[in-house]
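A single structure is presented below for examination.
The values are calculated or read from the model by the stated rules, or taken from the named source; none is laboratory data. Here the structure is a predicted model, which is why all the values come from computation and not from measurement. Every residue, glycine as well, gets a Cβ built from its backbone with ideal geometry; the counts of neighbours run over all protein chains shown.
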Amino acid sequence: MLRTLIISAVSGAALTFSTTAFAGGQGPEEAKAMLQKAVAAVHADKTKALDMFNKGEGGFLDRDLYVFCSNISDGKNVAIANNNAKQLLGTDARTLKDANGKAFGQELYAAYQKPEGQFTEVSYMFPRPGADPTPVPKVSLATRAGPDLGCGVGYYK
């Protein structure tokens, strides 16, 4: 009985620590998979995809990972699943700067101009989804999603 209790306690602790580490540790593989899924959703039905992205539905908001998109023609942000960034909808992505003054929006927009399927990494500071608006280090993968849209998914370091 003591052995069973010890095994249960160790297993529970291991599960707790691994879940905690995973919740904050999503990385480039998960971001790329979500971005590929987002591009496929845009190709299937752009209007429906943008609606899902903005609502964080359909697996396009998963803990710290979320989709964001801008028009290629004018740089206008048309989808952002991060509730801490909803105020950026409708603004020109090319004007975005992080807390340190880095013009990361220009880098994202440049990535959207490249051929679809080519992923570009852009590093900057940005708030995580949730209640805390404090900017933290982030890396976004960005690509073209069809003829008139660019999308990205970032992961926090």
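Here's the yes/no breakdown for (1) outside any strand (DSSP E or B); (2) under 14 Å from A38 (Cβ atoms):
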residue: Y66; (1), (2): no, yes
residue: A99; (1), (2): yes, no
residue: Q106; (1), (2): yes, no
residue: Y112; (1), (2): yes, yes
residue: M125; (1), (2): no, no
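How about the stretch 65-77: which of its residues are surrounded by fewer than 21 Cβ atoms within 10 Å (Cβ to Cβ) and touching a residue at least 24 places away in the same chain (Cβ under 8 Å)?
N71, I72, S73, G75
Separate question: Residues K46, K55, K97: which one is out of contact with any helix residue (DSSP H, G or I) (no Cβ under 6 Å at 6 or more places or on another chain) and either free of Cβ contacts under 8 Å to residues at least 12 places away in the same chain or aromatic (F, W, Y) (or both)?
Being out of contact with any helix residue (DSSP H, G or I) (no Cβ under 6 Å at 6 or more places or on another chain) and either free of Cβ contacts under 8 Å to residues at least 12 places away in the same chain or aromatic (F, W, Y) (or both) holds for just one of K46, K55, K97, which is K97.
Let's see how each residue does on (1) surrounded by fewer than 13 Cβ atoms within 10 Å (Cβ to Cβ); (2) of a type in the set (K, R); (3) modelled with pLDDT of 95 or more; (4) touching a strand residue (DSSP E or B) at 6+ places or on another chain (Cβ under 9 Å):
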residue	(1), (2), (3), (4)
A85	no, no, no, yes
L89	no, no, yes, yes
K97	no, yes, yes, yes
Q106	no, no, yes, no
Q113	yes, no, yes, yes
S123	no, no, yes, yes
P135	no, no, no, yes
A142	no, no, yes, yes
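Right, something else. So how many residues does the stretch 131-157 have that are under 15 Å from the mean Cα position of the chain (by Cα) and either under 16 Å from F60 (Cβ atoms) or of a type in the set (F, W, Y) (or both)?
Selection size over the stretch 131-157: 12.
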